[in-house]
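Written out below as structure tokens is the structure these notes cover.
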Amino acid sequence: MSNKIYTVQDIATIVAVASELIDPSAIVYTLAYDSRKITDAKHALFFALPGRRDGHQYVQEAYRAGVRNFVVRPEAVNITDYLNCNWLFAQDTLHALQQLATYHRKQFAYPVIAITGSNGKTIVKEWLYQLLSPEYHIVRSPKSYNSQLGVPLSLWQMDGQHNLAIIEAGISKVGEMEAIERMVKPTIGILTNIGHAHDDGFASTKEKTIEKLKLFKDADKIVYNPIYVDSAIEVPGRHHFTWRIGKGAQLEVTASLKENGSQYVLEATYLQQSYVLTVPFVDKASIENLVCCWALMLAIGYEAMVIVDRVKRLLPVSMRLELKKGINNNSIIDDSYSNDLSSLLIALDFLKQQQQHSRKMLILSDLPTVGQNQTALYTKVASMLEGKGLDRLIGVGKHLRQNAALFRMDTQFFDTTEQLLTNIPKLEIRDSTILIKGSRVFGFENISKALTLQTHETTLEINLNALEHNLNVYKSLLQQGTKLMVMVKAFSYGSGSFEIANLLQFNKVDYLTVAYADEGIALRKSGITLPIVVMSPGEDTFEQMIEYRLEPEIYSFSELEAFISKLPSEKMEAYPIHIKVDTGMHRLGFEPDDVDRLLAKLKRTDKIVVKSVFSHLAASGIREHDNFTSEQIRLFDVFTQDLTRGLGYHFIRHIANTSAISRFPQAQFDMVRLGIGLYGVSADEYRSLPLQSVTRLRTGITQVKYIKAGDTVGYNRNGRLSGDGTIATVKIGYADGYSRRFGNGVGKMLIKGMLVPTVGDICMDMCMLDVTGIDVREGEEVLVMGEELSPETLAKAIGTIPYEILTSISQRVRRVYYFE
Ligand SMILES: *Cc1c(COP(=O)(O)O)cnc(C)c1O
């Protein structure tokens, strides 16, 4: 089957829209919807999609990036502002994209497997990819692209070189599946399971199941586990293949036995034959996902013995892109699990977002070539690298070396991973952000190990997707035009500095705020260009602040005078300052009565400009103080009105912190200041928002000991078990931020999903847990804080607030940032 090449004219016809084409024969290879992530602009078609940020606002940016083909709503863009463009007009631009995907998918007659379900979709997809690759050239959804937008983008990758597609589909409410079904038209369907995720959008589990099954309306075969499908539900599809852990399915797993801690042996019956399968995983979810893959393989005619052999060699799937500190002042982005064009593109976009070092580098292995023309493939790779501003490439593998001439940047090539490893010291790899991207067979985890800074093992993991999700939750609460300031003081509430600021800059928030000048300087030095406010600027830092364009919070007359006196006398543009008024917090700020004197002072100089005026609420999260909060808001309103009148120009007014954003929507004024909510902690007791947990603090067991009744544990002999038992010593203490107040059973941690209490006093670098009755060993992972053990829970245990828990995690705890 040949590859179809689309012209803009073809696409206009396919999606049946009005158009104004200046170059109808322009060729489209890539579909774009995010102006920050344009590749191959010349051949891109930009869809201005609706959403939290209307895509039409970014047409100009896409145009500047070189895009000339657009799908837009006719009224939303003034096309005379742009020269030499092709315009396709659609009332519903997402629908147009979906129509294009529908058409494209119809060009291919090879099987399409669609996977839906509450959990495990991505794992099942990735495992099937591993299991079926020996026979098939597979195209699959990148990462977890499974939404109304992700599915069409996944389908667009189908081409004549493949002979099997595996597509994920996720929905969160009733009515979404029909559109996905029309696009995917799967020939084979997999329902992984039905859990409780996203229950909000559905009236019942039954409704959810029925909705998901709509994906398989016209499929030939459906693979599922009957325990997830209510017997009253009619499963579509011509042929069913069922599996189950237990009796009552075609593939029945009758027994499972754990073997030496790291694998399971499963016994199963299929067509009256017994099979034994060794599985290199021990958690329940993995086993289910794996049996699901097994069932699919049987359903499409694989021989049982072939499956048994392949499953043994199955590798775990990590969908994460991890950002870590490297040796020689490098930052490392570790993505050594798969290597294909679409995942490379996603990783390069993440690399491009990083501003902390001026040099960007890629260590890349050969890509798997499935019948593709190598030169064509590496020409694409080379143009992608150039588009993403890469400075240096280290290539590993013979194919890359053969195509070396295509790469116009600083390059080195090695035939094998071992050769690269021995040469690392000579390569002068420093002060760079490095993306490590290799196919499994190249064993790039060894390169990652060699380049990453190995430190204390207690790790704080920061989920950047969750952070972005929370940001969007708060954005969706803002009234049209309200600006957003994000508080990144105290290392972004303990979660990081430039790593978080980079993401916020990428997401186009309006302002960042830090507590002290040095925090702001550190952000500037790592490439943050957003306006930054410093809340407690010391007089001795004013000159540096001016040098680094940091904007001071001004809270008193003396501070105002001191700052003005530090501004250079030669004419420069008026310097932005932020005036704080005290409306009841009684911490810092001008008094409401100061307004006239303040006006007089401000008007006497043209060296400064009042960029914003703000106040801070003392108790916006607590209902019993709501009258007080309202009074603060009223005082603020009066003060700022007087000031505006007196100054004769407008400034930004802001008073709302996290809990006021949701609880006092009338107090949004021109801007809000988001703090703790971004980090996944709801600041008030009502927890009404769907926030996601951002941070996970984990540590490990250093030693396990058996203790007799009456023995004491730790300093001061405060710890004692009630009978004979087992304790585990873990690598976290009060110097890591695990407060001494957690000692003697007050604090609890999770091991293998079980809550275990501390025993004895918390030490500086360690503490002990009572693990009596649990099978644990050295090196076992211990969860200190995370989704299951929230900062709120920890705070409650020791009578403090989650803010203190988060900001206490000390800097020696390694931070790892990841995107899924
Ligand atoms: C820290 C801080 C905030 C953010 O408070 P949250 O409760 O975390 O949202 C807002 N404004 C000022 C002045 C702050 O110091």
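In table form, for the structure just shown:
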item	result
Flag for residue 186 being outside any helix (DSSP H, G or I) and crowded, with 19+ Cβ neighbours inside 10 Å	yes
Residues of segment 244-290 satisfying the condition of being free of Cβ contacts under 8 Å to residues at least 24 places away in the same chain and among the β-branched types (Val, Ile, Thr)	254, 265, 269
Every residue from segment 791-806 that is within 16 Å of the ligand (Cβ to nearest atom) and part of a loop (DSSP other than H, G, I, E, B)	800, 801
Of all residues making up segment 557-570, the number that are more than 19 Å from residue 531 (Cβ to Cβ) and touching a Lys or Arg at 6+ places or on another chain (Cβ under 9 Å)	6
Test: residue in segment 251-265 that is closer than 17 Å to residue 223 by Cα, among the charged types (D, E, K, R) and either within 37 Å of the chain's Cα centre (by Cα) or modelled with pLDDT of 85 or more (or both)	yes
Residues within segment 464-514 that are away from the ligand (no atom under 12 Å from the Cβ) and either in a loop (DSSP other than H, G, I, E, B) or among the hydroxyl-bearing types (Ser, Thr, Tyr) (or both), tallied	14
Selection within segment 660-670 - within 13 Å of residue 622 (Cα to Cα) and surrounded by fewer than 23 Cβ atoms within 10 Å (Cβ to Cβ)	662, 663, 664
Given (1) crowded, with 20+ Cβ neighbours inside 10 Å; (2) under 29 Å from the mean Cα position of the chain (by Cα); (3) not in a strand (DSSP E or B), index of the condition residue 699 fails	(3)
Qualifying positions in segment 40-56 - more than 17 Å from residue 82 (Cα to Cα), in contact with a helix residue (DSSP H, G or I) (Cβ under 7 Å, 6 or more places away or on another chain) and surrounded by fewer than 20 Cβ atoms within 10 Å (Cβ to Cβ)	40, 50, 52
Some residue of segment 779-786 being in a loop (DSSP other than H, G, I, E, B), of a type in the set (Gly, Ala, Ser) and surrounded by 14 or more Cβ atoms within 10 Å (Cβ to Cβ)	no
Candidates 728, 683, 709, filtered to the one that is of a type in the set (A, V, I, L, M, F, W, C), away from the ligand (no atom under 16 Å from the Cβ) and assigned to a loop (DSSP other than H, G, I, E, B)	709
Test: residue in segment 737-756 that is modelled with pLDDT of 95 or more, closer than 30 Å to residue 487 by Cα and in contact with an Asp or Glu (Cβ under 8 Å, 6 or more places away or on another chain)	yes
Residue tally, condition surrounded by 16 or more Cβ atoms within 10 Å (Cβ to Cβ) and in a loop (DSSP other than H, G, I, E, B), over segment 2-33	5
Members of segment 57-87 that are loosely packed, with under 14 Cβ neighbours inside 10 Å and among the aromatic types (Phe, Trp, Tyr)	none
Residues located in segment 640-667, provided they are closer than 15 Å to residue 614 by Cα, within 16 Å of the ligand (Cβ to nearest atom), assigned to a helix (DSSP H, G or I) and not small (Gly, Ala, Ser)	640, 658, 661
Any hit, segment 532-543, residues being of a type in the set (Asp, Glu), surrounded by 20 or more Cβ atoms within 10 Å (Cβ to Cβ) and either in contact with a helix residue (DSSP H, G or I) (Cβ under 9 Å, 6 or more places away or on another chain) or farther than 19 Å from residue 602 by Cα (or both)	no
Test: residue in segment 207-223 that is surrounded by fewer than 19 Cβ atoms within 10 Å (Cβ to Cβ), in contact (Cβ under 8 Å) with a residue 12 or more places away in the chain and within 27 Å of residue 303 (Cβ to Cβ)	yes
Residue that is surrounded by the fewest Cβ atoms within 10 Å (Cβ to Cβ), among those in segment 297-335 that are among the acidic types (Asp, Glu) and under 25 Å from residue 263 (Cβ atoms)	303
Cβ pairs under 6 Å, 6+ apart, first in segment 297-318 and assigned to a helix (DSSP H, G or I), second among the β-branched types (Val, Ile, Thr)	297/307; 299/223; 312/278
Strands (runs of 3 or more DSSP E) lying entirely in segment 516-607 (those with 1 or more residues that are in contact (Cβ under 8 Å) with a residue 24 or more places away in the chain and either out of contact with any Pro (no Cβ under 8 Å at 6 or more places or on another chain) or farther than 24 Å from residue 650 by Cα (or both))	550-554, 575-580
Count of segment 599-642 residues which are over 37 Å from the mean Cα position of the chain (by Cα) and either over 20 Å from residue 533 (Cα atoms) or among the acidic types (Asp, Glu) (or both)	17
Filter result (of a type in the set (D, E, K, R) and under 16 Å from residue 317 (Cβ atoms)) within segment 99-137	121, 125, 126
All positions within segment 556-597 that are among the acidic types (Asp, Glu), within 16 Å of the ligand (Cβ to nearest atom) and closer than 22 Å to residue 628 by Cα	582
Subset of segment 599-628 [among the β-branched types (Val, Ile, Thr) and within 13 Å of the ligand (Cβ to nearest atom)]	613, 622
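The values are calculated or read from the model by the stated rules, or taken from the named source; none is laboratory data. Please read all numbers here as calculations on a predicted model, not as lab measurements. Neighbour counts are summed over all protein chains in view; Cβ atoms, including those assigned to glycine, are modelled from backbone coordinates with ideal geometry.
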